[in-house]
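The values are calculated or read from the model by the stated rules, or taken from the named source; none is laboratory data. Values in this document were obtained by computation on a predicted structure and should not be read as measured data. Counting neighbours? That spans all protein chains shown, and the Cβs are built from the backbone with ideal geometry, glycine included.
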């Protein structure tokens, strides 16, 4: 005759199973730690192994967007839109990342293409977005015969450049360029296609979001923006 299991014995068995699971988990975490592997690394290995990407979690990014839509962005003026899988901006417009604020970071744009007009700007440490304050790097063929420059914005107004370098003879239009800005303490360094083009210092703003700006008759496209630790 089969002996019935008493309720308290069933409960005791479940507790023992739970304890075993916890101990196995602790042992597994200890083993991962000993080999220098984090749970995030393990997650990413599994996700990528089955054909996924893991998004920004597995890229090491603080923020990233490939511009499939504008859900992560705020447009205080003008018009930005998605065109052929890229972000398209024209005329007098501005756009900012909604869910990112940081102090030190590296902002990278994989593809930026000025098809016409006098340039575009890349915001960093931007705040008070309806009347922006912060900094902007300008890719600016319309300034003094063509220049790379840094400006500061105060209460929605741009100030004169606090750093600039002329680039005579530079082919500004119709080509994809990689743009990167490294923001570290009070020092900012801009790169185009991996080459340093401008460096400057200012200590007014210590944190904020990122964004893009166009003006006048500008038409420009952007794709794959990523923010990482500097």
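Cβ-Cβ distances below 6 Å connect the following pairs, each with a first residue in segment 185-208 that is in the same structural domain as residue 121 (by TED's automatic domain parsing), a second residue that is exposed (fewer than 11 other Cβ atoms within 10 Å of the Cβ), and a separation of six or more residues or different chains: 186/203. In segment 117-230, counting only strands (runs of 3 or more DSSP E) that sit wholly within it, the ones holding 1 or more residues that are under 18 Å from the mean Cα position of the chain (by Cα) and farther than 17 Å from residue 95 by Cα span 177-184, 187-192, 219-228.
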